[in-house]
Amino acid sequence: MEMEVVEAMPQPQALPWARTATAGSLGLRIGQLMCALAALATTATTGAFSSHPALCFLAATSTLQCVWTVPLALLNVYTLLSGQWPLENHHWIAGIAAITGDRVAAALSFFAASAASGVATMVGGDLKLCAALPCAGFRAAAGMGFASCIAMLPTLLFNWLINNAGNQH
């Protein structure tokens, strides 16, 4: 009678996303929130922004980035204070939070800032309407939109590196 050899199941490793909850990542999230709030405030205080869809899109994406960043920052604070990653049993939620959502928010911020920059260029440079419209406000709103997008890049890079390091065999 021949005995069958049964191999032991490999033990699951810690989630790679749990390693992203550091004081540095919290600082990045707070920076993202501040840039998004600055972009939103600059856009909202620009006169006549509601008549330009690109600036409305910038306001909407800045709001989305704020709504996305606050819960992730709170999750980060909880993890730092408790020492536990609360989503350990929900791998798909952690994956969405760490990778996909940040990518979508950064892409939308970039698209909105680019559109707002196009409006500022068109109104100020092509149409020469700066006497009637607040061109400086349009440029400032576009600039803050780009700053908001750039604030997302370190988090995207670190999450991508940590995710890829966790998936290597």
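The values are calculated or read from the model by the stated rules, or taken from the named source; none is laboratory data. Bear in mind that the values here come from a model prediction, so they are computed numbers and not experimental data. Keep in mind that these areas ignore ligands, DNA and RNA; they rest on the heavy atoms of the full protein, side chains included. Shrake-Rupley method; radii C 1.70, N 1.55, O 1.52, S 1.80 Å.
So how do Met122, Met34, Met152, Met144 rank on accessible area, 1.4 Å probe, biggest first, that is with the largest at the start?
Numbers: Met122 85, Met34 115, Met152 0, Met144 55 Å².
Order by accessible area, largest first: Met34, Met122, Met144, Met152.
Which order do Ile99, Ile162, Ile150, Ile30 take by accessible area at a 1.4 Å probe, largest first? It would help to have the intermediate numbers written out before the result.
Numbers: Ile99 20, Ile162 40, Ile150 105, Ile30 85 Å².
Ranked from most to least accessible, the order is Ile150, Ile30, Ile162, Ile99.
Ordering Val70, Val123 from largest to smallest accessible area (1.4 angstrom probe), what's the sequence? Walk me through the numbers on the way to the answer.
Numbers: Val70 60, Val123 5 Å².
The most accessible residue leads, giving Val70, Val123.
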